[in-house]
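Beneath this line is the structure, given in structure tokens, with notes to follow.
The values are calculated or read from the model by the stated rules, or taken from the named source; none is laboratory data. Quick caveat, the model's predicted, so the values are computed rather than measured. Here the Cβ positions follow ideal geometry from the backbone for every residue, glycine too, while neighbour counts run over all protein chains shown. Ligands, DNA and RNA are stripped out before the accessible areas are found, and what is left, the full protein with its side chains, is counted by its heavy atoms. Shrake-Rupley method; radii C 1.70, N 1.55, O 1.52, S 1.80 Å.
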Amino acid sequence: MGGAAVDDGPVGVKAPDGGWGWAILLGCFVITGFSYAFPKAVSVFFKELMREFGIGYSDTAWISSILLAMLYGTGPLCSVCVNRFGCRPVMLVGGLLASLGMVAASFCRSIIQLYLTTGVLTGLGLALNFQPSLIMLNRYFDKRRPMANGLAAAGSPVFLCALSPLGQLLQDHYGWRGGFLILGGLLLNCCVCAALMRPLEASLAGAGPGPQRPARRLLDLSVFRDRGFVIYAAAASIMVLGLFVPPVFVVSYAKDLGVPDTRAAFLLTVLGFVDIFARPAAGFVTGLPKVRPYSVYLFSFAMFFNGFTDLTGSTASDYGGLVVFCIFFGISYGMVGALQFEVLMAIVGTHKFSSAIGLVLLLEAIAVLIGPPSGGRLLDATQVYQYVFILAGTEVLAASLVLLLGNFFCIGKGPAGATKEEECRKPPSDARDGVGSGEVEHFLKAEPEGKGEVAHTPETSV
């Protein structure tokens, strides 16, 4: 889930689909792991924070919400930084900010200070790492992009499996302050990943000077004329309201049932372990030639599966039931994570993707700020965890129906106001084997972008 950065890579250089790209993929794997596992892993410390500061569930849930909101909502800021300084310097600064935020949080004396350090500072640092790493990944991969995105997205569950029990272990031995301090030191590894982000140069790829890239606006608001994009943005915003709620509350749910702290934290490990295999598997299946054109329907099914899992998970009354819930939630959550931006790129095309993803994430950032805190507020009022899971499942199910029905009636009709003249200006597709991103875009949209030749190097993200 990156941002709205304009790809400033060399024009006319095809993605190598390998080579140094595997090192880029490794760095992106680590960055993705830190970015998405942290908002969930810090939930292990919530009970201790509630006791120390005398606050409720909704107050602690704001920590995860602010982290996610910074990750989602700083796309335009990341765009400006990347265009001005490049990917590698921005990632180096981001790694330092993320580490500084967690170190400073270990000295906080109020929940507001935690919001500013763990939420804002660490969230901004992770955002400055996450978006540039995905830009670099997608400069190096084109035909293998679904597989690369799935493997990079697997960093989230892998790190969740490690960080959740590690956080519980650190809390037991050093308290939450010592745990935050050590986690801040671990975040310095983001700077190591930044060093791997070697720019893809035309001379290294054996390409000529190539044509001059035409000037583009940072955020192209014309994407709102595309009915398919509007439907996707609405569905994604509704989905985010409930998508992140169960992982935030499942550990506290288990502790409330009398489960020991270590076993309760193990639930996130179970969820993450299943997610490890679900994301690459979903990316591989989506990349199959006969499946890739229908990825939007697969994404809608993934959301439906996730919402239905939340509803059935609300009936869990013991530790075994929560383990089963985490298994099925991990499968559906992994499918959603691997498919969401692949589908968006298929809807809007490569040329407008950088603007479309930034606008979608800005909308989702608002939903992220509402979702977990509203669940915490409901829990404070009712003291019943089942209601929280029912609310989250209903929201994700609604998003699935919005995307499915919207796709059936609107997405295939292309942007409003498109003309046949635009269709004539579409460049021919590459004559490579398999299904490329251009073919998927052509399947889902009746008219092309019509804004010049589509770049060979995609600007998408996981």
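Give me the residue from region 310-326 that is farther than 18 Å from residue 157 by Cα and not small (Gly, Ala, Ser) and, out of that set, least open to solvent (accessible area, probe 1.4 Å). Checking each candidate, the answer is 310. Go through (1) closer than 29 Å to residue 21 by Cα; (2) surrounded by fewer than 18 Cβ atoms within 10 Å (Cβ to Cβ); (3) among the β-branched types (Val, Ile, Thr) and name the single condition residue 90 misses. Going through (1) closer than 29 Å to residue 21 by Cα; (2) surrounded by fewer than 18 Cβ atoms within 10 Å (Cβ to Cβ); (3) among the β-branched types (Val, Ile, Thr) one by one, residue 90 breaks only (2).
Quick check on my filter: what residues within region 388-403 are hydroxyl-bearing (Ser, Thr, Tyr) and either modelled with pLDDT under 90 or crowded, with 20+ Cβ neighbours inside 10 Å (or both)? 400, the sole residue that qualifies.
Tally time: how many residues in region 120-136 are open to solvent by less than 20 Å² (accessible area, probe 1.4 Å) and modelled with pLDDT of 80 or more? So the answer is 11. Taking the numbered list (1) open to solvent by 20 Å² or more (accessible area, probe 1.4 Å); (2) within 21 Å of residue 162 (Cβ to Cβ); (3) touching a Pro at 6+ places or on another chain (Cβ under 9 Å) in turn, residue 271 passes all entries but (1).
Residue-wise test of (1) closer than 24 Å to residue 174 by Cβ; (2) open to solvent by less than 10 Å² (accessible area, probe 1.4 Å); (3) not small (Gly, Ala, Ser).
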{"residue": "18", "(1), (2), (3)": "no, yes, no"}
{"residue": "21", "(1), (2), (3)": "no, yes, no"}
{"residue": "27", "(1), (2), (3)": "no, yes, no"}
{"residue": "36", "(1), (2), (3)": "no, no, yes"}
{"residue": "39", "(1), (2), (3)": "yes, yes, yes"}
{"residue": "45", "(1), (2), (3)": "yes, yes, yes"}
{"residue": "55", "(1), (2), (3)": "yes, no, yes"}
{"residue": "59", "(1), (2), (3)": "yes, no, yes"}
{"residue": "67", "(1), (2), (3)": "yes, yes, yes"}
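Right, residue 329: modelled with pLDDT of 85 or more, open to solvent by less than 10 Å² (accessible area, probe 1.4 Å) and under 19 Å from the mean Cα position of the chain (by Cα) or not? Yes, satisfied.
Looking only at region 86-126, residues that are aromatic (Phe, Trp, Tyr), more than 23 Å from the chain's Cα centre (by Cα) and part of a helix (DSSP H, G or I) come to 0 in all.
Listed by first and then second residue, the pairs with beta-carbon distance under 6 Å, at least 6 apart or on different chains, first residue in region 354-366 and farther than 14 Å from residue 340 by Cα, second modelled with pLDDT of 75 or more and in a helix (DSSP H, G or I), are 355/223; 362/73; 363/233; 363/237; 365/69; 365/72; 365/73. Within region 169-217, being modelled with pLDDT under 85, open to solvent by less than 80 Å² (accessible area, probe 1.4 Å) and part of a helix (DSSP H, G or I) holds for 202, 205. Exactly one condition in (1) more than 18 Å from residue 150 (Cα to Cα); (2) assigned to a helix (DSSP H, G or I) is false for residue 259; which is it? Residue 259 satisfies every listed condition except (2).
The residue pairs whose first member lies in region 70-82 and is assigned by the TED database to the domain that holds residue 36, whose second member is open to solvent by 30 Å² or more (accessible area, probe 1.4 Å) and part of a helix (DSSP H, G or I), and whose beta carbons are closer than 7 Å, counting only pairs six or more residues apart or on different chains, are 70/120; 70/124; 73/362; 74/124; 75/362.
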